Amino acid sequence: MSRYHYVPSKLKHAFSKLGDLYKKIPDTTGCIENINSGKSCNSWCCKNQSPQVLYCEFLSAWNFILKNWEFEDILTIIERSLKNYLNDSPTKGCIFRNYDTKLCNIHKKRCFNCRIYAITPDSEFNDRLARLRELYKDNEKVFFREQCDLVKTVNDEKVEDEDTDKWWEELCKIEKIIGVKKELITDNPEGTYRTYHDHILIYLLPEYLLENLSHVRKFGNEEEKENITITFMNMLSSAIQGFKNGKKDKNS
């Protein structure tokens, strides 16, 4: 299970605080409204990027998924998480992008970074983009794009640097509510600021399996990565089916 030590009894309070924070971020328009029009970029951001989220945000989304999704849909997300994790390219899409509709499967529970995407102050976004361009300047697999010009706040409300700073500070406080130490609120290897697919695998898998996956990601070829994904998903499907059959037997 998860390597992070959090306090389950405080989750309800944290989820409530998350809801309050998300309400402070201005609603946006332009993306979904144009998704099937000639103006659409076909959800380029979701197709090519994997948003990083704090652990409290992941737990909120995971709680929603477990309560509302079918087993088969959950398995699909776990499989996508495996494939993303094993993919050593810096560019890979979000596991929650619906391939058919191009929409987000957890839009109502989307994270802070998705909510401020395309309305982030230019000074903040451009600095971040410049750092990424320098970091991946020799990697042809990485694509860069300016902020989406279709998206704007519903009331044309301008978001300032102090707004995003204040919201981020509030989000970090919520992370601390569930027991995460301040020094872990980072994107360092041991930190809690991670992609959804990383969070899901860390939450579900024991340490030794994560180490095996890391080895395959680093040294395995595409066939080996595909084989380990198929093997793991078959094992997981069988385990879940056995659990479901066991519950049926007890109720019969």
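Please determine whether any residue of the stretch 188-199 is out of contact with any strand residue (DSSP E or B) (no Cβ under 9 Å at 6 or more places or on another chain), within 28 Å of Asp73 (Cβ to Cβ), buried (at least 18 other Cβ atoms within 10 Å of the Cβ) and at pLDDT below 95. No, because not a single residue in the stretch 188-199 is out of contact with any strand residue (DSSP E or B) (no Cβ under 9 Å at 6 or more places or on another chain), within 28 Å of Asp73 (Cβ to Cβ), buried (at least 18 other Cβ atoms within 10 Å of the Cβ) and at pLDDT below 95.
So which of Glu162, Glu157, Glu169 ends up being in a helix (DSSP H, G or I), surrounded by fewer than 16 Cβ atoms within 10 Å (Cβ to Cβ), over 21 Å from the mean Cα position of the chain (by Cα) and modelled with pLDDT of 90 or more? It is Glu162. Report, by residue number, each residue of the stretch 115-154 that is outside any helix (DSSP H, G or I) and in contact with a Phe, Trp or Tyr (Cβ under 7 Å, 6 or more places away or on another chain). Within the stretch 115-154, Val142, Arg145, Gln147 qualify.
Of Ile230, Ile177, all but one fail to be more than 19 Å from the chain's Cα centre (by Cα), among the hydrophobic types (A, V, I, L, M, F, W, C) and either at pLDDT below 90 or surrounded by fewer than 13 Cβ atoms within 10 Å (Cβ to Cβ) (or both); the exception is Ile230.
Would you check if there is a residue in the stretch 207-214 being within 26 Å of Ile116 (Cβ to Cβ), modelled with pLDDT of 90 or more and out of contact with any strand residue (DSSP E or B) (no Cβ under 8 Å at 6 or more places or on another chain)? No, there is no match, as no residue in the stretch 207-214 is within 26 Å of Ile116 (Cβ to Cβ), modelled with pLDDT of 90 or more and out of contact with any strand residue (DSSP E or B) (no Cβ under 8 Å at 6 or more places or on another chain). Within the stretch 50-86, the set of residues being assigned to a loop (DSSP other than H, G, I, E, B), surrounded by fewer than 20 Cβ atoms within 10 Å (Cβ to Cβ) and touching a Phe, Trp or Tyr at 6+ places or on another chain (Cβ under 9 Å) comprises just one member, Pro51.
Within the stretch 192-228, which residues are of a type in the set (D, E, K, R) and assigned to a helix (DSSP H, G or I)? Residues satisfying the conditions are Asp198, Glu207, Glu211, Arg217, Lys218, Glu222, Glu223, Glu224, Lys225, Glu226.
The values are calculated or read from the model by the stated rules, or taken from the named source; none is laboratory data. No experiment lies behind these values; they were computed from the predicted model shown. Methodologically, a virtual Cβ is constructed for each residue, glycine included, from the backbone with ideal geometry; neighbour enumeration extends over all protein chains shown.
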